[in-house]
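Worksheet: the structure to be examined is printed underneath.
The values are calculated or read from the model by the stated rules, or taken from the named source; none is laboratory data. Everything quoted here is computed from the prediction, not taken from an experiment. Glycine also receives a Cβ, built like all others from the backbone with ideal geometry; neighbour counts cover every protein chain displayed. What goes into the accessible areas is simple: the full protein's heavy atoms, side chains included, and nothing from ligands, DNA or RNA. Shrake-Rupley method; radii C 1.70, N 1.55, O 1.52, S 1.80 Å.
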Amino acid sequence: MDLRDFYLLAALIACLRLDSAVAQELIYTIREELPENVPIGNIPKDLNISHINAATGTSASLVYRLVSKAGDAPLVKVSSTTGEIFTTSNRIDREKLCAGASYAEENECFFELEVVILPNDFFRLIKIKIIVKDTNDNAPMFPSPVINISIPENTLINSRFPIPSATDPDTGFNGVQHYELLNGQSVFGLDIVETPEGEKWPQLIVQQNLDREQKDTYVMKIKVEDGGTPQKSSTAILQVTVSDVNDNRPVFKESQVEVHIPENAPVGTSVIQLHATDADIGSNAEIRYIFGAQVAPATKRFFALNNTTGLITVQRSLDREETAIHKVTVLASDGSSTPARATVTINVTDVNDNPPNIDLRYIISPINGTVYLSEKDPVNTKIALITVSDKDTDVNGKVICFIEREVPFHLKAVYDNQYLLETSSLLDYEGTKEFSFKIVASDSGKPSLNQTALVRVKLEDENDNPPIFSQPVIELSVSENNRRGLYLTTISATDEDSGKNADIVYQLGPNASFFDLDRKTGVLTASRVFDREEQERFIFTVTARDNGTPPLQSQAAVIVTVLDENDNSPKFTHNHFQFFVSENLPKYSTVGVITVTDADAGENKAVTLSILNDNENFVLDPFSGVIKSNVSFDREQQSSYTFDVKAVDGGQPPRSSTAKVTINVMDVNDNSPVVIYPPSNTSFKLVPLSAIPGSVVAEVFAVDIDTGMNAELKYTIVSGNSKGLFRIDPVTGNITLEEKPNPSDVGLHRLVVNISDLGYPKSLHTLVLVFLYVNDTAGNASHIYDLIRRTMETPLDRNIGDSSQPYQNEDYLTIMIAIVAGAMVVIVVIFVTVLVRCRHASRFKAAQRSKQGAEWMSPNQENKQNKKKKRKKRKSPKSSLLNFVTIEESKPDDAVHEPINGTISLPAELEEQSIGRFDWGTAPPTTFKPNSPDLAKHYKSASPQSAFHLKPDTPVSVKKHHVIQELPLDNTFVGGCDTLSKRSSTSSDHFSASECSSQGGFKTKGPLHTRQGLLKT
């Protein structure tokens, strides 16, 4: 295959075929420097163009004509008849054709031309692109035939020094490929360094130490070769001068710099200021900036470099479309042979000099440039398709599209440069009938360029407006007890439509039976009489409807508030209020609350309370109804209080009502038991040895003026019954004989009986002394009373049997001596005396039995449990053995009337088990009420002994106290101090005081008076 066939084969490469009716394109590839008339391609053959007319079937004569500018020297020619393409005499030089372009092999060098096919019936425009391939037609050349390099004499071995690179206009493998140092004299070597851009830079290597004094100049040759076929080369003289020491070369701050400059930058514009530094001083630090040998001549035409300052400036107008990137190598030399190297990449940026273009195509056909829409059209109704474009690139070619002002339309992006104009909300003819707005297309350049397009839209009216009330909520107020047909207000609504669509009728909604509404005028009246107490507020709706088709309507809420009139009196929740309070409640305590209501409102229901007929015993809060006491309650004095309460409202005129209030005082355990029987502290009863078990030998009876459980009493023997000879009924207080007495039981027995109530929360107690004399007779009563007097010195917790027994034995010894003496007279007298006493006692016993009540029982004991249960079923004997000894009152100087000084006490064990301590300091003293009955007036005693009493003004000990009950003359000695249940109590008797010994016993000192006695510690 010869060279011609090779080129023809290359020219037959298929290209992109365009529409045969418009334009087609062919691409051919050729080598540069071809001679004249070398065929490049055949247009009809490569495009398969037929010369036969399809309509007539005849052969057509086609003419091929090259389109060129006048005066241009064409590089190719086209045969007008055959359409073949040939080279001309004008040689195609790739380096000249693509001068200034990069020499990289991948960058194509091409030129374009257009060929038209005539006549017009067969007209075609053929666009031909011819790619010019490089041939090795240029030898690499050094910048200068003589290259001078200066090397300091102190240069270290293996130091490298750059040699100016050779350049070759050819590209790829035809460019510079190899360097060779000739006659290096073993002092210098050569190394090749390849840059990232593919350039080969020669470097001179020092292989031996240099000495300028021995040899200051070395002359060698350097050879450069390309890789073409045939290979081309050239040489240059390399002269190395060994210079004096200058050991610091300049250094650029940045060796790689990239800058951007707009293509419209004026001449003289600074591109970049390069700056290199040198550590030397003086002339060795003077830096000179020059372009490197690799900088293309075209680049040097556009930019200038200041040799002193390193400033690069624009010296010719730039054109981004001609050259977009310039690479500049700048050397900084301080006079040495090793200059610093910096590469500057200058990017020419685009200038925004083309405004955007708007292509507006309507979807809804306009009429005279105006689009007509119905106001009932839905949202997102499509109006037009808008396409925008910009001839600029990058940011300058980026276009945004928007509507100039706020309208119910928006642009919806469908592609990068296409938008749909559509409605963004519902349209309203009554609001705006016509819209005129601009669509703006704006690029992103600086300054931004824009283009506008005007759009006109008109709306067609629809019946789409319902009647509108002036107020969505209508609030009215009217007084109750009104007249029927009372005018309230006029309800009105408006409709923005016209004609029948604006005719409005009114209608009441549900829950409006109390009202009438005129359908045409909207006048609202009352059809009934209002009663605020039955219904205070009416809420209903009113509908306004137009006569459109279909009719539209709206509603408004009507709130009618009924104003109050004072037509209701205050009403108590109860006609009769009853409250229960405990006695001894402190003064000003709350005893109850009166509740009253008023069906009216506002001031008409503001009720004030007052007491009508109370004598200031109570205080009533006029607003809250709280009743507080103005007295301290005492049930025993007054058990209830009754008064009337009046309620008055704040209306005009005011209305009132009354109610009854009763305060019931509930009992509190504040009274100790009062001993009625035995009648005297010094009286005794005779228990004969013949008395049988179960017979009643004495009784204890007391009363409590409290009520309920506070008045229930319990009797207990707490001391003096160590042998278990007696027992007491806890309910009746009857003392019965538990066992038949034997001679060892003869003598005086003192029983300490505790009488306690069952009150809550605190039980009150009283102690009483019961003396029983066990013997067949009571011959010497004075002696017995003397024994009773002496027992006052014995503590209450001790048995007096041990102390009285010697006296009893002494009496029997005297009798025995008298009998031994044979005083029969004395025996007879004693017998007669005993007989008389027994008869008297029998008569007295019969009288006493009529006073006795229920059967007496003694406390249960563990060792006689079964025996006690049987005795409870026994009845008291008809003739009681209980005898009272009555002796006439002795003279004042008699020993019986002598003051009795003694101590009455209980052991600590008895106190802990049966007698509780009482804190007198925490309980306020109480007194008998003025009208309380004096029970002591009903009881008298025939005993000459005086009773124990306390004076009314007896001071009360703060630390120790002992309760002594007021008793009548010759009454029983009593003492109270929470003996069994360990709960303390206070006496309400104003003639009593109390003292509990801290040692656990009761003590009494001082004389005993006839009516009053005083015990002190």
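Data for the structure
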| quantity | calculated |
| --- | --- |
| In Å², nearest 10: area of Phe580 left accessible to a 1.4 Å probe | 130 |
| Probe 1.4 Å, protein heavy atoms only - accessible area per residue of segment 368-424 in square angstrom | 55 |
| Cβ-derived FRET efficiency at R0 25 Å, Ser448 paired with Lys412, nearest 0.05 | 0.65 |
| Rounded to whole Hz, the Karplus (6.51, -1.76, 1.60) HN-Hα couplings of segment 644-655, x for glycine and proline | 10, 10, 10, 10, 10, 8, x, x, 10, x, x, 10 |
| Segment 346-397 shape via C-alpha gyration tensor axes, a/c threshold 1.5 | prolate |
| Amide H contacts of Ile468 (H built 1.01 Å from N, under 5 Å, at least 5 apart or other chain) | Thr494, Asp495 |
| Integer Hz, Karplus 6.51/-1.76/1.60 couplings in order for segment 80-91, x for Gly and Pro | 5, 9, 9, x, 7, 10, 10, 6, 10, 6, 6, 5 |
| Residue order for Asp600, Asp614 - accessible surface, 1.4 angstrom probe, largest first | Asp614, Asp600 |
| Solvent-accessible area per residue, Å², over segment 663-759 with all protein chains present [probe radius 1.4 Å] | 27 |
| Hydrodynamic radius (Kirkwood) for segment 604-762, which is based on Cα pairs only, to one decimal in Å | 20.6 |
| Magnitude of the charge dipole, segment 453-577, Cβ model with Lys/Arg +1 and Asp/Glu -1, debye to 20 | 140 |
| Rg/Rh ratio calculated on Cα atoms of segment 448-596 (Kirkwood radius) | 1.41 |
| Sequence of Thr791, Thr494 from largest to smallest accessible area, 1.4 Å probe | Thr494, Thr791 |
| Under-5 Å amide H pairs with Ile92, H placed in peptide plane, nonlocal only | Glu33, Leu34 |
| Accessible area (Å², 1.4 Å probe, nearest 10) - Arg288 | 130 |
| Heavy-atom accessible surface of segment 291-445: percent carbon and sulfur, 1.4 Å | 48 |
| Inter-site label distance for Asn120 and Lys300 at 7 Å from Cα along Cβ, in nm | 5.5 |
| For Ala659, net neighbour charge (Lys/Arg +1, Asp/Glu -1) across residues whose Cβ lies under 14 Å away | 0 |
| Tyr362 paired with Val834, simple spin-label distance in nm, labels 7 Å along Cα-to-beta-carbon | 15.9 |
| Residues whose placed amide H lies under 5 Å from that of Gly292, excluding near-sequence neighbours | Thr329, Val330, Leu331 |
| Residues in segment 320-357 that a label on His260 would reach, taking backbone N under 15 Å of a point 7 Å out along Cα→Cβ | 320, 324-326, 345-352 |
| Lys723 versus Glu25: modelled label distance in nm, points set 7 Å from Cα along the beta carbon direction | 15.3 |
| Percent carbon-and-sulfur accessible area, segment 508-557, ignoring ligands, DNA and RNA, probe 1.4 Å | 47 |
| Between segment 308-384 and segment 208-239, the alpha-carbon center distance in angstrom | 48 |
| Out-of-range pairs (alpha-carbon distance over 26 Å; input Lys660/Lys762; Lys412/Lys433; Lys382/Lys458; Lys628/Lys714; Lys433/Lys500; Lys45/Lys77) | Lys660/Lys762; Lys628/Lys714 |
| ³J(HN,Hα), Karplus 6.51/-1.76/1.60, whole Hz, each residue of segment 108-122, x for Gly, Pro | 7, 10, 8, 9, 10, 8, 10, 10, 10, 10, 10, x, 5, 5, 10 |
| Surface accessible to a 1.4 Å probe, Asp359 within the full protein complex, Å² | 60 |
| Cα-Cα P(r), segment 668-804, percent of pairs per 5 Å interval | 2, 10, 20, 21, 19, 13, 8, 5, 2, 0 |
| Intensity falloff of segment 247-337 expressed as log10 I(q)/I(0), Debye formula with alpha-carbon point scatterers, at q = 0.12, 0.13 Å⁻¹ | -0.40, -0.46 |
| Order of exposure, largest accessible area first, which applies to Ile717, Ile692, Ile627, Ile237 with probe 1.4 Å | Ile692, Ile237, Ile717, Ile627 |
| Overall Cα dimensions of segment 396-516 - principal axes, largest extent first, Å | 83, 30, 22 |
